[in-house]
Amino acid sequence: MSTVSLRHQAALGAVRAVVAGVMADDAETETVDFKEEAGTNVRGTRHPVVSKHEPAAQALANEVACFANTTSGGVLVIGVADDRSGPDALIGSYLDLDWLKERIWALTTPHYSGFFIEEVTGFGPRLYFINVEPALEEIRASDKLLTRHGKRCVELTGDTARRFLEARRGFDWSAEPSGMRLSEADPKAIETAMRFYRQRGDTAPPSGRELASRMGVLLDDGDDPELNRAGALLLAPFEPRVVQAQLLITDVEGRPARNDLVGRAPLVLFLEEADRLLDDVAFPITPVVVGLTRRELRTVPRPAYREALVNAVMHRDYRLDRQPIYAVASGSPADTFKVRSPGELLPIVSVDRLLATPSRPRNEALAHALWAIAVAERQGVGIKTMYRTMLREGHDAPEIVEDDDELVVRLAGGTPDVGLRAFFDDLETHDRAFEDDPAVAIAIRALLHDTSLRPERLAVAAQRTVGEAAKTLGALQAAGAVERLLDGSRSFRLTADARAQLGNRVAYVRSTLEEHASLVLAYLDQHADISRQQAAQLLDLEPKTATRVLGQLLDRGVLEYSGPSRGRNVRYRLPRA
């Protein structure tokens, strides 16, 4: 299937999710954006606009430029209010589409034609998709350089524009010449890098030169080749006066540290010593028995804190040298790890969509070198590893925010939940694919508090498509962890065995109406409509009480009448698109 078709299918899936009850803003992704035509919403009241409404065309030209200035493009879904859910979110559209195509072309600089517009039928109100291809050059609209930042369209100026243009044009600070030769590399750093390399399980390179070659940090084939900046930063005393990183271990952040490690280049020496301090001093092992297996657990999982630190080294902006990477393990004993790294995310990446965003290292050469010596995990799994390992031991998900031109990652740990860890260990024996899938942990953790989970809601929480979320729930069903609320329905709950294994961790807080709604929705996944008699039987209620329940769901917009609204033969169905 072509990328155009994949974008189209993703947009259709997002509309269906909204119709099913997901808030439109939650159903949006990096590549699907819901929009109303400018002028239709006036102080909360919606009115039609003329078919050739210039302000609406200008606004959509801006949005097209935003998607054109990404690496994947996207789809604008026009005629949907992003502050609503259900059929009420579909408010329709009015513009002449042939005219609109010409206006978007005219309003972009250089004139952009890498998009097509298609009217979408079958959902009731008139919608249309603007399917945008990524452009080969920067596209401007309204004299602005615009791009997507997660789910938002933003203007780029100053340093942000510079970083964006460098990323699009493939500039890599860490791949540039360092002015240092391989002969200037620190022998201790070479030996340390060799030790890291051996963790791969491969035969170590026969020489420092071969190691550097496999790391991809040599710029020529001479007798004494020049190192790129990645090689100099990792293996040589590059800019020796600059503190590149600092690790503190303290009872309370902001108070004097029990341990203070200052890191200058070569950074492999800092990374090795940081590993030792974090493993042995900050977060030492506590042996416990998980199921029938002896496990060595820590207050913060090792893969999580290691990835947080290594990602900071890999992704930071080294041109912002006013302060180093600042990592703090705090608590007595330590149970929290926080890393501040200079440089915000690249403009095309948003902190609230990191699980869904393909890895885009700011420093490609440095990332390659760290992968080569097994310091960093394989590309694209670092954030997922942090999420999965924190959630499966009962901790909160990582907190990742941008703050004053820095990226902050905070891991709040504590005493691991041994029983929950045993549950996930058992799951992974059924399907090894679960080991790398944070959506599995997100789904199970959600079902500790809600009796049922539908793919649409898991898609939002796990930053997946609805189809991917449905596949995850299907895999969990095959492993015996969840079951469908009713045969053939799209609502899933924990199985009796899973609930027994998880014990009092299962703490449902849903209202009786929400329980009834889950069952009615599950029934309507397989049936066109439902009568009050069928609802009474399904919910084990008296017919009059079932009628009141159906009426409440009707008032909430969860259901609509499928025929006459009065009499003994009233039937109810899901709202039609």
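The values are calculated or read from the model by the stated rules, or taken from the named source; none is laboratory data. Just so you know, these numbers come straight off a predicted model, no measurement behind them. No Cβ is skipped: glycine too gets one built from the backbone with ideal geometry, and neighbour counts run over all protein chains shown.
A few notes on this one:
- Within region 148-161, residues that are on the phi < 0 side of the Ramachandran plot reach no partner that is part of a strand (DSSP E or B) and of a type in the set (Phe, Trp, Tyr) with beta carbons closer than 7 Å at six or more positions or on different chains.
- Of residues in region 557-577 being surrounded by fewer than 19 Cβ atoms within 10 Å (Cβ to Cβ) and touching a helix residue (DSSP H, G or I) at 6+ places or on another chain (Cβ under 8 Å), the one farthest from Pro87 (Cα to Cα): Val570
- Checking each residue in region 458-479 for being surrounded by fewer than 21 Cβ atoms within 10 Å (Cβ to Cβ) and either of a type in the set (Asp, Glu) or assigned to a helix (DSSP H, G or I) (or both) picks out Val460, Ala461, Gly467, Glu468, Ala470, Lys471, Gly474, Ala475, Gln477, Ala478.
- Exactly one residue out of Gly21, Gly39 is on the phi > 0 side of the Ramachandran plot, modelled with pLDDT under 95, assigned to a loop (DSSP other than H, G, I, E, B) and touching a Ser or Thr at 6+ places or on another chain (Cβ under 7 Å), and it is Gly21.
- Qualifying positions in region 191-205 - of a type in the set (Val, Ile, Thr) and either under 20 Å from Val313 (Cα atoms) or in a helix (DSSP H, G or I) (or both): Thr192
- Of all residues in region 18-50 being surrounded by 14 or more Cβ atoms within 10 Å (Cβ to Cβ) and among the hydroxyl-bearing types (Ser, Thr, Tyr), the one that is farthest from Asp83 (Cα to Cα): Thr31
- Residue identified as in contact (Cβ under 8 Å) with a residue 12 or more places away in the chain, crowded, with 18+ Cβ neighbours inside 10 Å and part of a helix (DSSP H, G or I) among Val328, Val339, Val300, Val313: Val313
- Under the condition of being in contact (Cβ under 8 Å) with a residue 12 or more places away in the chain, under 20 Å from Thr495 (Cα atoms) and not hydrophobic (A, V, I, L, M, F, W, C), the residues counted in region 457-475 number 2.
- Residues of region 278-292 satisfying the condition of being part of a helix (DSSP H, G or I), surrounded by 13 or more Cβ atoms within 10 Å (Cβ to Cβ) and over 30 Å from the mean Cα position of the chain (by Cα): Val281
- Being at pLDDT 95 or above, within 15 Å of the chain's Cα centre (by Cα) and outside the structural domain of Thr71 (by TED's automatic domain parsing) holds for only one residue in Pro358, Pro398, and it is Pro398.
- One residue stands out among those in region 364-378 that are closer than 15 Å to Arg200 by Cα and not hydrophobic (A, V, I, L, M, F, W, C): the one that is surrounded by the most Cβ atoms within 10 Å (Cβ to Cβ), which is His368.
- Counting residues in region 387-396 that are part of a strand (DSSP E or B), surrounded by fewer than 21 Cβ atoms within 10 Å (Cβ to Cβ) and not small (Gly, Ala, Ser) gives zero.
- Screening Asp529 with (1) touching a residue at least 12 places away in the same chain (Cβ under 8 Å); (2) closer than 30 Å to Leu427 by Cβ gives one miss only, at (2).
Residue-wise test of (1) touching a residue at least 12 places away in the same chain (Cβ under 8 Å); (2) among the hydroxyl-bearing types (Ser, Thr, Tyr).
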position: Asp223; (1), (2): no, no
position: Glu226; (1), (2): yes, no
position: Arg258; (1), (2): yes, no
position: Thr286; (1), (2): yes, yes
position: Ala308; (1), (2): yes, no
position: Arg319; (1), (2): yes, no
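- Selected residue (criterion: nearest to Met23 (Cα to Cα)) from residues of region 431-457 that are buried (at least 22 other Cβ atoms within 10 Å of the Cβ) and aliphatic (A, V, I, L, M): Leu453
- Residue check, Ala257 farther than 25 Å from Ala367 by Cβ and either in a loop (DSSP other than H, G, I, E, B) or among the small types (Gly, Ala, Ser) (or both): yes
- Total residues in region 1-17 satisfying the condition of being crowded, with 23+ Cβ neighbours inside 10 Å and closer than 24 Å to Asn69 by Cβ: the figure is 2.
- Test result for Arg295, outside the structural domain of Arg148 (by TED's automatic domain parsing), in contact with a Pro (Cβ under 9 Å, 6 or more places away or on another chain) and surrounded by 20 or more Cβ atoms within 10 Å (Cβ to Cβ): no
- Some residue of region 104-118 being more than 28 Å from Ser350 (Cβ to Cβ) and under 28 Å from the mean Cα position of the chain (by Cα): no
- Scanning region 85-115 for residues that are under 26 Å from Arg457 (Cβ atoms) and acidic (Asp, Glu) returns a single hit, Asp88.
- Extreme residue, modelled with the lowest pLDDT, among residues of region 297-346 that are touching a Phe, Trp or Tyr at 6+ places or on another chain (Cβ under 7 Å) and within 15 Å of Leu366 (Cα to Cα): Arg319
- The single residue among Arg181, Arg168, Arg200 that is over 13 Å from Ala232 (Cα atoms), of a type in the set (Lys, Arg) and surrounded by 13 or more Cβ atoms within 10 Å (Cβ to Cβ) turns out to be Arg168.
- Selection over region 469-490 of residues that are modelled with pLDDT of 90 or more and in contact with a helix residue (DSSP H, G or I) (Cβ under 8 Å, 6 or more places away or on another chain) gives a count of 13.
- Any pair with Cβ under 6 angstrom, 6 or more apart, that starts in region 535-563 at a residue that is more than 19 Å from Asp525 (Cβ to Cβ) and ends at one that is not in a helix (DSSP H, G or I) and not aliphatic (A, V, I, L, M): Gly563/Arg571
- Restricting region 505-558 to residues that are part of a loop (DSSP other than H, G, I, E, B) and of a type in the set (D, E, K, R), the residue that is farthest from Val22 (Cα to Cα): Glu542
- In region 206-224, the qualifying residues are those that are part of a loop (DSSP other than H, G, I, E, B) and among the small types (Gly, Ala, Ser), and the one that is farthest from the chain's Cα centre (by Cα) is Gly222.
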